[in-house]
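The values are calculated or read from the model by the stated rules, or taken from the named source; none is laboratory data. Keep in mind it's a predicted model, so treat the numbers as computed, not measured. A quick note on method: Cβ atoms are made from the backbone with ideal geometry, for glycine too, and the neighbour counts reach across all protein chains shown. Accessible surface areas use protein heavy atoms only, side chains included; no ligands, DNA or RNA. Shrake-Rupley method; radii C 1.70, N 1.55, O 1.52, S 1.80 Å.
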There are 2 protein chains.
Amino acid sequence: MTDRIQQQLDFLAEIDKMKSVLRQTLLIDRSRRENDAEHSWHLAMTAMVLAEYAGPTVDLNHVLRMALVHDLVEIDAGDTFAYDTAGYADKDDRERAAADRLFALLPGDQGPMLRALWEEFEAMETPDARYAAACDRLQPLLHTYLTDGHTWTLGGGVTEEQVWQRMAVVEDAVPALWPFVQEVIAWGLRTGKLRPDPEAAQ
Amino acid sequence: MTDRIQQQLDFLAEIDKMKSVLRQTLLIDRSRRENDAEHSWHLAMTAMVLAEYAGPTVDLNHVLRMALVHDLVEIDAGDTFAYDTAGYADKDDRERAAADRLFALLPGDQGPMLRALWEEFEAMETPDARYAAACDRLQPLLHTYLTDGHTWTLGGGVTEEQVWQRMAVVEDAVPALWPFVQEVIAWGLRTGKLRPDPEAAQ
């Protein structure tokens, strides 16, 4: 077996740790929290099933690769809850350090290719990355809706404004799904699972 | 929101159950058994990282789609342990019934497309399906090796001959990884984790 294959197998063993990085999202049956590996799979499935609503220039092949690698850095950096303002302060630094270590496990020509997929996803600028990001909002939103608003009730509660901001990319990248976002937010406000925007309440 | 989108979201919610279908494989840290959703993600990553060793006609884009859907039928049919001879007797019937139900949740033009990916994977005839199947052997083999032969010691033990048969597609579809298979089997026999072929022992 070549050193190159050994490096690749070492990387594939290392990323098994994704299965132990827990997110705030619950499984739909509420039995436990979701982990990063199964989230990444579900995100890829979401991107595949909803692909017809992506913009005409979106390349699903590229999106699927991004979905598979987009959370790898969380092996070291941990999952940062989408509505954790404090956690986001040093998220970039933590994730960059993680990327430096993880992608360097791969052969020198291959690591940078996978890292580029992660960086493109994070920058959220290309149509592919924006579609991937929109799916990365829709999959947890579906869980939130089907688990009685679970993640919105954590840590003192999430406000309507935070969710509109987080979901904005859906309106732009997958407009056909925007009514779903609007319906779920309206449901959250109606049921009290989501805190109204303080300004709107004045 | 259209009925079509509702069907697609219902399907995406239904397949969340993949996260609760347990395989015999342990996570590499041995903390628990692996589930089908995280296995499907790890399989897709394996196919992506080892793609350079696939045959020249293999289309990784198609392989990734197959990897994502290849175990969906196990939501109804359950995981059949690779070395469970009795379980394999009615595996086809159980999985076909599962496919009839699951893929019918999707719109009429989309369900058959995803089902065709699963059927291609199962038939193991096209170069894409053979590469996907080889990766579906290599990922659990890596886990078996790194968890002290765990799956080989289950249910009275697995024989060398069973593993050679199960792994044969690797030699054909990803020959560069065949030395890895040979090394792990040799290790299994040396350490007693794998039962020698009865005939070879005579």
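Summary table below
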| read-out | value |
| --- | --- |
| Residue satisfying condition, being closer than 27 Å to A:SER31 by Cα and not hydroxyl-bearing (Ser, Thr, Tyr), within set A:GLU161, A:GLU183, A:GLU171 | A:GLU183 |
| Hey, B:ARG166 under 19 Å from B:GLN24 (Cβ atoms), of a type outside the set (Val, Ile, Thr) and within 16 Å of the chain's Cα centre (by Cα) or not | yes |
| Among the candidates B:PRO175, B:PRO179, residue that is in contact (Cβ under 8 Å) with a residue 40 or more places away in the chain, surrounded by fewer than 17 Cβ atoms within 10 Å (Cβ to Cβ) and closer than 26 Å to B:GLY55 by Cβ | B:PRO175 |
| From B:LEU154, B:LEU189, B:LEU141, B:LEU194, residue being within 12 Å of chain A (Cβ to nearest Cβ) and over 29 Å from A:GLU52 (Cβ atoms) | B:LEU141 |
| Which numbered condition B:GLY78 misses (of (1) on the phi > 0 side of the Ramachandran plot; (2) within 14 Å of chain A (Cβ to nearest Cβ)) | (2) |
| Spans of helices (runs of 4 or more DSSP H) in the stretch B:37-105 with at least 3 residues open to solvent by less than 10 Å² (accessible area, probe 1.4 Å) | B:60-69, B:91-102 |
| Single condition B:ILE28 does not satisfy, out of (1) open to solvent by 10 Å² or more (accessible area, probe 1.4 Å); (2) closer than 30 Å to A:ILE185 by Cα; (3) within 8 Å of chain A (Cβ to nearest Cβ) | (2) |
| Only listed residue being in contact with a strand residue (DSSP E or B) (Cβ under 9 Å, 6 or more places away or on another chain), hydrophobic (A, V, I, L, M, F, W, C) and surrounded by 16 or more Cβ atoms within 10 Å (Cβ to Cβ), chosen from B:VAL158, B:VAL163, B:VAL169 | B:VAL158 |
| Every pair of residues 6+ apart whose Cβ atoms lie under 6 Å, when the first sits in the stretch B:37-52 and is facing chain A (nearest Cβ under 7 Å) and under 20 Å from A:ASN35 (Cβ atoms) while the second is assigned to a helix (DSSP H, G or I) and hydroxyl-bearing (Ser, Thr, Tyr) | B:TRP41/A:SER40 |
| Of residues in the stretch B:1-36 being assigned to a helix (DSSP H, G or I) and acidic (Asp, Glu), the one farthest from B:VAL69 (Cα to Cα) | B:ASP3 |
| Residues satisfying the stated conditions in the stretch B:8-21, i.e. buried (at least 18 other Cβ atoms within 10 Å of the Cβ), more than 7 Å from chain A (Cβ to nearest Cβ) and either β-branched (Val, Ile, Thr) or more than 16 Å from the chain's Cα centre (by Cα) (or both) | B:LYS17, B:VAL21 |
| Meets criteria (at pLDDT 95 or above and over 16 Å from the mean Cα position of the chain (by Cα)) for B:GLN24 | no |
| Residues being more than 14 Å from every other protein chain (Cβ to nearest Cβ) and either assigned to a helix (DSSP H, G or I) or not hydroxyl-bearing (Ser, Thr, Tyr) (or both) - total across the stretch A:113-131 | 11 |
